[in-house]
Amino acid sequence: MLLEQNDILVMCGDSVTDSCKELRAGEDSNQALAWGKGYVYFTKILLDAYYPELNIRVINQGINGDTSRQLLARFDEDCVQKNPDWVTIMIGVNDIWRQLESAQIKERHVYIDEYEQNLCRMIEKLQDKTKGIILMKPFFMETNREDLFRRMVDNYGECMAKVGTRYGCSVIDTQNYFDKYLEKALTYALSNDRVHPNGTGHMVIAKALLNHIGFDFNRI
């Protein structure tokens, strides 16, 4: 597995990462307050259960509603200053959503060229300071690839993959995991709004991440 003993894993993002956490710090002895109810929490408890000897520290730095612009603005404090060994970044759906839900409020919009620049600046802040940065593509739980939101998400995901290649970061195709799931079940099995996953949807994300880092589900 990629993670090693006493590694610090900081997980950055928006509401999907936040997932109702109650502490701004993103960690505490009380799991219900610190890691939220989503994929960060599932990742944390599975690492603790399967690899207790590694003593992995997980910090949830998702903030509800964040765009990549807002994540960049807090990135030094919330990520870099935590001295992480590993960082995951899943961001972008709000960059798109603001363009669609607040079409007249242009100052809220984060277009794809700025999105690319924001990702680059975040990665550059971490270069040579971590063991690795894992980019997790934004997703939309919709199988119709001609849907406007889905097309925009795919474009932003391709942009993230391009940035990952440029900087040598690994990239998880989160959207692909949802697409495969939705070959066998309806969207409502995962989400009411196609953006915010329920428990099953969050487990899909956790599975994508754990598969990527070489987690062994047969270990115990």
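Readers should treat all values here as calculations from the given coordinates under stated rules, not as data from a laboratory. Quantities reported herein were computed from a predicted structural model and do not represent experimental measurements. Backbone-built Cβ (ideal geometry, glycine too); neighbour counts: all protein chains shown.
So what is the diffusion coefficient of region 68-220 in µm² per second by Stokes-Einstein at 4 °C and 1.567 mPa s, using a Kirkwood Rh over Cα pairs? Can you show the working numbers first?
Values: Rh = 16.4 Å.
This corresponds to a translational diffusion coefficient of 79 µm²/s.
Provide the convex hull volume over Cα atoms per residue for region 147-220, in Å³.
Working: hull volume 7.7 nm³, N = 74.
So the per-residue Cα hull volume is 104 Å³.
Run the quick spin-label model on Lys125 and Asp179: label points 7 Å from Cα toward the beta carbon, then report their separation in nm to one decimal.
3.1
Determine ³J(HN,Hα), in whole Hz, for all residues of region 42-54 in sequence, where each value follows from phi through the Karplus function 6.51 cos²θ - 1.76 cosθ + 1.60 and θ = phi - 60°; x replaces Gly and Pro.
Rounded to whole hertz, the list is 4, 4, 4, 6, 6, 4, 5, 6, 8, 10, x, 6, 7.
Once Rh is set to the Kirkwood radius over Cα pairs, what Stokes-Einstein translational diffusion coefficient, in µm²/s, holds for region 18-101 at a temperature of 37 °C and a viscosity of 0.692 mPa s?
On the way: Rh = 13.8 Å.
Result for D is 238 µm²/s.
Could you tell me, in Å, what Rg and Dmax come out for the Cα atoms of region 68-140?
Answer for region 68-140, Rg first and Dmax second: 13.2, 42 Å.
Given region 104-187, report the % of alpha carbon pairs whose separation exceeds 15 Å.
Details: 2186 of 3486 pairs.
Above the 15 Å cut-off, region 104-187 has 63 percent of its Cα pairs.
Which order do Met11, Met152, Met122, Met1 fall in if you start with the one that has the fewest other Cβ atoms within 10 Å? Present the calculation step by step, with values, prior to reporting the outcome.
Values: Met11 29, Met152 20, Met122 24, Met1 15.
Going from sparsest to densest Cβ surroundings: Met1, Met152, Met122, Met11.
How big is the charge dipole of the chain about its Cα centre, in debye rounded to the nearest 20, if each Lys and Arg gets +1 on its Cβ and each Asp and Glu gets -1 on its Cβ? Working shown, then result.
On the way: 26 positive and 32 negative charges, 26 e Å.
The dipole of the chain has a size of about 120 debye.
Once R0 is set to 25 Å, what does the formula 1/(1 + (r/R0)^6) return for the Cβ-Cβ distance between Glu114 and Leu148, expressed as a FRET efficiency to the nearest 0.05?
That pair, Glu114 with Leu148, gives E of 0.80.
Run the count for region 54-141, please: Lys pairs, Cα-Cα under 27 angstrom, 8 or more apart or on different chains. Spell out each step's value before the answer.
Numbers: Lys82/Lys125; Lys82/Lys129; Lys82/Lys131; Lys82/Lys137; Lys106/Lys137; Lys125/Lys137; Lys129/Lys137.
The number of close lysine pairs in region 54-141 is 7.
Please report the relative contact order for region 1-143, taking Cα pairs under 8 Å with a sequence separation of at least 6, and give it as a percent rounded to a whole number.
On the way: 241 pairs, mean separation 40.8, N = 143.
In percent, rounded to a whole number, it is 29.
So for Asp216, Asp95, fewest C-beta neighbours within 10 Å to most, what's the order? It would help to have the intermediate numbers written out before the result.
Numbers: Asp216 10, Asp95 27.
Ascending Cβ contact count within 10 Å gives the list Asp216, Asp95.
When we measure straight from the Cα of Lys37, which lysines land under 17 angstrom away, once same-chain ones fewer than 8 places off are left out?
Of all the lysines, those that pass the test against Lys37 - Cα under 17 Å, at least 8 places apart if same chain - are Lys21, Lys207.
To make sure I understand, if each residue's beta carbon is the centre and we count other beta carbons within 10 Å, what order do Thr17, Thr67, Thr187, Thr143 fall in, fewest to most? Write down the numbers at each step before the final one.
Numbers: Thr17 27, Thr67 23, Thr187 17, Thr143 13.
Least to most surrounded, the residues fall as Thr143, Thr187, Thr67, Thr17.
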